[in-house]
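The values are calculated or read from the model by the stated rules, or taken from the named source; none is laboratory data. Only a predicted model underlies this, so the values are computations on that prediction, with no experimental measurement involved. Reconstructed Cβ throughout: ideal geometry from the backbone, glycine too, with neighbour counts over all protein chains shown. Only protein heavy atoms, including side chains, enter the accessible area calculation; ligands, DNA and RNA are left aside. Shrake-Rupley method; radii C 1.70, N 1.55, O 1.52, S 1.80 Å.
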Amino acid sequence: MRFMVIVKATADSEAGMMPSEELLTAMGQYNEELAAAGVIQAAEGLHPSSKGARVRFSGTQRTVIDGPFMETKELVAGFWIFQVESLQACIDWVKRCPNPMPGESDIEIRQIFDAEDFGAEFTPELREQEERIRARMCAED
């Protein structure tokens, strides 16, 4: 099972406050543990929303909204992709994580859909297309 482990933004991360050397060291050690266990597939931090944009869809119309975005609790500051055997295993790994922010912070865990989750609507042709796309993504790494 794959999970996206989402580090929620805080007022500090949205203000562009960078992590301390101590936190970067602790996170590096944590990521080393994840890699050694074969759990981690990706990990990235994100710039504040002030450097981003949103595209709002309404039918065929597209509207671009420049950051920053006000609801900090709804924003993402970074993420990991974990591959583990269960939600509980993912929770156990997340509980070992150093606090990613000064003060209180939240990390959200969401399972990533696999092809089997889509049922019959995910036709053999769509499965082949998905496999071609994934092969191309892996070749570009």
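Within segment 110-125, being more than 28 Å from Val7 (Cβ to Cβ), open to solvent by less than 100 Å² (accessible area, probe 1.4 Å) and either of a type in the set (Gly, Ala, Ser) or in a helix (DSSP H, G or I) (or both) holds for Gly119, Ala120, Pro124. Annotation: Ala115 fulfils all but one of (1) among the aliphatic types (A, V, I, L, M); (2) touching a strand residue (DSSP E or B) at 6+ places or on another chain (Cβ under 9 Å); (3) touching a residue at least 12 places away in the same chain (Cβ under 8 Å); the unmet one is (2).
Among the residues of this structure, Ala77 counts as one that is in contact with a Leu (Cβ under 7 Å, 6 or more places away or on another chain), open to solvent by less than 100 Å² (accessible area, probe 1.4 Å) and either at pLDDT 95 or above or β-branched (Val, Ile, Thr) (or both).
Within segment 16-34, identify whether any single residue is small (Gly, Ala, Ser), at pLDDT 95 or above and in contact with a helix residue (DSSP H, G or I) (Cβ under 7 Å, 6 or more places away or on another chain), and answer yes or no. Taking every residue of segment 16-34 in turn, none turns out to be small (Gly, Ala, Ser), at pLDDT 95 or above and in contact with a helix residue (DSSP H, G or I) (Cβ under 7 Å, 6 or more places away or on another chain). Exactly one residue out of Val94, Val64 is within 27 Å of Leu24 (Cβ to Cβ), β-branched (Val, Ile, Thr) and not in a loop (DSSP other than H, G, I, E, B), and it is Val94. Residue count for segment 33-61 satisfying the condition of being within 13 Å of Gln83 (Cα to Cα) and either in contact with a Ser or Thr (Cβ under 7 Å, 6 or more places away or on another chain) or not in a helix (DSSP H, G or I) (or both): 7.
Residues of segment 95-109 that are surrounded by fewer than 16 Cβ atoms within 10 Å (Cβ to Cβ) and within 18 Å of Val39 (Cα to Cα): Lys95, Arg96, Pro98, Glu108, Ile109.
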